[in-house]
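Below is one structure, written out as structure tokens; comments come after it.
The values are calculated or read from the model by the stated rules, or taken from the named source; none is laboratory data. Here the structure is a predicted model, which means the values were calculated and not measured. Don't worry about glycine lacking a Cβ; one is built from the backbone with ideal geometry, like all the others, and counts go over all protein chains shown.
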Amino acid sequence: MSKRKLQVSGGLVYSTNPDLNLTVNHIPETDTLSAGEQRLKVRLDTRHRAGKAVTLITGFRGKQADLQELGRQLKSFCGTGGTVKDGEIIVQGENRQKILSWLVKNGYTASQHV
């Protein structure tokens, strides 16, 4: 059984209770704000990464699919790997200036945090 199914059922694998009702509370996604309304924060992080630097982009408000797309575009622009998880875009390496200039050029309101 996949991990996703275990998380949906709260870890329950099997039950003999015929009256058991597993309800899943889905959090509705909010509509994605336009690029000018987004307040993104770009910072460098090395915590819990064996001393390797990554660039974190936080503050995105909107749908997960749009966040994934923005992360894909940023990783492609920088020519590096990375991931999107927990509402953050993680790009490998020290790419703060590059990402900041790309975000501003594409209409996002971004600021650099130390």
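Observations
Table: residues versus (1) closer than 24 Å to V114 by Cβ; (2) of a type in the set (S, T, N, Q); (3) part of a loop (DSSP other than H, G, I, E, B); (4) modelled with pLDDT under 95.
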| residue | (1), (2), (3), (4) |
| --- | --- |
| L12 | no, no, yes, yes |
| T16 | no, yes, yes, yes |
| T23 | no, yes, yes, yes |
| H26 | no, no, yes, yes |
| T32 | no, yes, yes, yes |
| R61 | yes, no, yes, yes |
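- Count - residues of the range 40-55 that are assigned to a loop (DSSP other than H, G, I, E, B) and either closer than 21 Å to T109 by Cα or of a type in the set (V, I, T) (or both): 1
- Subset of the range 87-96 (residues that are over 16 Å from the mean Cα position of the chain (by Cα) and over 10 Å from R43 (Cα atoms)): G93
- In the range 67-106, the residues that are in contact (Cβ under 8 Å) with a residue 60 or more places away in the chain and surrounded by fewer than 20 Cβ atoms within 10 Å (Cβ to Cβ): N106
- For the range 53-66, a residue qualifies if it is surrounded by 20 or more Cβ atoms within 10 Å (Cβ to Cβ) and of a type in the set (A, V, I, L, M, F, W, C), and the qualifying residues are V54, I57, F60.
- Selection of the range 74-114 for residues being outside any strand (DSSP E or B) and closer than 18 Å to G36 by Cβ yields L74, I99, L100, S101, W102, L103, V104, K105, N106, G107, Y108.
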